[in-house]
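Below: the structure, in structure tokens.
No value in this document is a laboratory result; all are computed from the given coordinates. Quantities reported herein were computed from a predicted structural model and do not represent experimental measurements. Every residue, glycine as well, gets a Cβ built from its backbone with ideal geometry; the counts of neighbours run over all protein chains shown.
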Amino acid sequence: MNVDALFDKLATDLADAGAAELSDGKDSGERVLGRDGRPFARLRGEHMSFLLPPGTPGLGDALALETSAPAGDGRWVEVPTDDVSEWERLARRAFEGVRR
């Protein structure tokens, strides 16, 4: 499975709404999608993490996935490729949650 191609597809699908790949993650081995410069999804290895802080729509769904886990500062949920079919839905939820 080519996770970079999946990331590229998410970036393309959300580009018209204002999402863009942020360059600051590349140095750390991450690829990061952001809205207005604020990250909402990041790919590291075979895992995608989504910014879904407490109270965000979609957080419960993300945490209900058997393979997901809280990540980072507790505002992120990490989802491995086992649940790649959920990545687009979770990316859209995270994107919507980034306030302008």
Report summary line: Protection proxy (average C-beta count within 10 Å per residue), highest first, orders 48-59, 3-14 as 48-59, 3-14
Query raised in the report: Using the beta-carbon distance between Arg38 and Glu66 and R0 = 35 Å, what value does 1/(1 + (r/R0)^6) give for FRET efficiency, to the nearest 0.05?
Result: 0.75
**Report entry** Cut-off of 10 Å, at most 11 other beta carbons, DSSP loop: longest stretch of the chain lacking such GluC sites (Glu not before Pro)
**Finding:** 1-45
